[in-house]
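Heads up: the structure comes next, in structure tokens.
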Amino acid sequence: MKQQSLKTPLVLVNLKCYTESIGNGAHRIARAAREIMDESGVTIALAPLYTDIHPINHHYDIPVFAQHVDPVDPGAHTGRMPLAAIKSAGAIGSLVNHSEYRLNVADIEKNVSALKGAGLLSCVCSNNVATTAALAALNPNYVAIEPPELIGGKISVSEANPDIITDSVDVVRKISPAVKVLTGAGIHSGKCVKTAVDLGTDGVLLASSVVKAEDPAAVLRDLVSLL
């Protein structure tokens, strides 16, 4: 099955489970994302809670990722999130192995393979260069490098540790050139995004700087301003 693709650079906003990003909050962020996409032409995708995947996809025509997926077929799997469910809701892919939802390598491989088989995108999160190398060998669509100590902070990875970005890009290009690299953790300004792209990445993965903003459109506008 043919997979969808997204134009780079990509700004992928993980809405997590913040109060500000549930229900009406998710719609507020989605409206802002749609507005800035129309203004800038930069691709902005959202990873909302499962319950918000369908309404965001339906009302705003924005690329939507799930925050996690379980590689199980529909059936007797109470409490799990089958791939068929996120696809039916309108998701075009899923995050895998986020720092707040770690998986072992075998489960990561199952998820990547299942998503690929369904024509959906996989964005696998990594916390260091060695892990990035191992994950690139699984041929996901994206590897997102996020040093956990910087997640949610005001110092971006592109400022604090640019070497982890360039080294990750280099190792991914050597192992699987088709895999795109995102960078995350502390991304909060257009300068952060521009630096990350200049260092060779295909975009950014971020959360709190947009989700917790009083004016998400203003933050998103700044994030894409130098692209």
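The values are calculated or read from the model by the stated rules, or taken from the named source; none is laboratory data. Quantities reported herein were computed from a predicted structural model and do not represent experimental measurements. Here the Cβ positions follow ideal geometry from the backbone for every residue, glycine too, while neighbour counts run over all protein chains shown.
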**Message:** I'd like to know if the range 166-177 contains one or more residues that are more than 24 Å from Ala218 (Cα to Cα), surrounded by fewer than 24 Cβ atoms within 10 Å (Cβ to Cβ) and among the acidic types (Asp, Glu).
**Reply:** yes
**Request:** Among the residues of the range 54-73, count how many are surrounded by fewer than 23 Cβ atoms within 10 Å (Cβ to Cβ) and assigned to a strand (DSSP E or B).
**Result:** 1
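So, in the range 178-208, how many residues would count as being among the hydroxyl-bearing types (Ser, Thr, Tyr) and crowded, with 22+ Cβ neighbours inside 10 Å? Even if it seems obvious, please write down each step before you answer.
Step one: of the range 178-208, the residues among the hydroxyl-bearing types (Ser, Thr, Tyr) are 183, 189, 195, 201, 208.
Imposing the further condition that a residue be crowded, with 22+ Cβ neighbours inside 10 Å reduces the set to 183, 201.
Result for the range 178-208: 2.
Take the range 76-89 and flag every residue that is surrounded by 16 or more Cβ atoms within 10 Å (Cβ to Cβ) and over 16 Å from the mean Cα position of the chain (by Cα).
We begin by selecting, within the range 76-89, every residue surrounded by 16 or more Cβ atoms within 10 Å (Cβ to Cβ); these are 81-83, 85-87, 89.
Result: Met81, Pro82, Leu83, Ala85, Lys87, Ala89.
Say we look at the range 93-151 and pick out the residues that are among the charged types (D, E, K, R) and farther than 21 Å from Asp202 by Cα; which of these is nearest to the chain's Cα centre (by Cα)? Full working, then the answer.
Going residue by residue through the range 93-151, those that are among the charged types (D, E, K, R) are 100, 102, 107, 109-110, 116, 146, 149.
If we keep only those that are farther than 21 Å from Asp202 by Cα as well, we get 100, 102, 107, 109-110, 149.
Details: Glu100: 13, Arg102: 15, Asp107: 18, Glu109: 17, Lys110: 18, Glu149: 18 Å.
Step by step, filter the range 93-151, then rank; the result is Glu100.
Filter the range 32-42 down to residues that are without any contact (Cβ under 8 Å) to a residue 60 or more places away in the chain and under 11 Å from Leu220 (Cα atoms) and give me whichever is surrounded by the most Cβ atoms within 10 Å (Cβ to Cβ). Lay out the reasoning, then the answer.
If we filter the range 32-42 for residues that are without any contact (Cβ under 8 Å) to a residue 60 or more places away in the chain, which is where we start, we get 34, 37-38, 41.
In the following step, the residues that additionally are under 11 Å from Leu220 (Cα atoms) were identified as 34, 37.
Working: Arg34: 18, Met37: 20.
Among those residues, the one meeting the criterion is Met37.
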**Qualifying residue in the range 73-88 (condition: in contact with a Pro (Cβ under 8 Å, 6 or more places away or on another chain), among the β-branched types (Val, Ile, Thr) and without any contact (Cβ under 8 Å) to a residue 12 or more places away in the chain)** = no
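Say whether the condition of being part of a loop (DSSP other than H, G, I, E, B), hydrophobic (A, V, I, L, M, F, W, C) and either at positive phi or modelled with pLDDT under 95 (or both) is met by at least one residue in the range 129-143.
Quick first cut of the range 129-143, residues part of a loop (DSSP other than H, G, I, E, B) only: 137-141.
This time we only want the ones that are hydrophobic (A, V, I, L, M, F, W, C), so: 137-138.
Still in the list and also either at positive phi or modelled with pLDDT under 95 (or both): none.
For the range 129-143, residues part of a loop (DSSP other than H, G, I, E, B), hydrophobic (A, V, I, L, M, F, W, C) and either at positive phi or modelled with pLDDT under 95 (or both): absent.
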**Message:** Looking at the range 7-52 only, could you name the residues that are closer than 19 Å to Ser225 by Cα, touching a Ser or Thr at 6+ places or on another chain (Cβ under 7 Å) and assigned to a loop (DSSP other than H, G, I, E, B)?
**Reply:** Lys7
**Prompt:** Does Ser99 fit the bill of being touching a residue at least 12 places away in the same chain (Cβ under 8 Å), out of contact with any Leu (no Cβ under 7 Å at 6 or more places or on another chain) and within 22 Å of Thr19 (Cα to Cα)?
**Reply:** yes
**Where Ala114 falls short, out of the listed (1) buried (at least 16 other Cβ atoms within 10 Å of the Cβ); (2) out of contact with any His (no Cβ under 9 Å at 6 or more places or on another chain); (3) within 26 Å of Glu20 (Cα to Cα)** = (3)
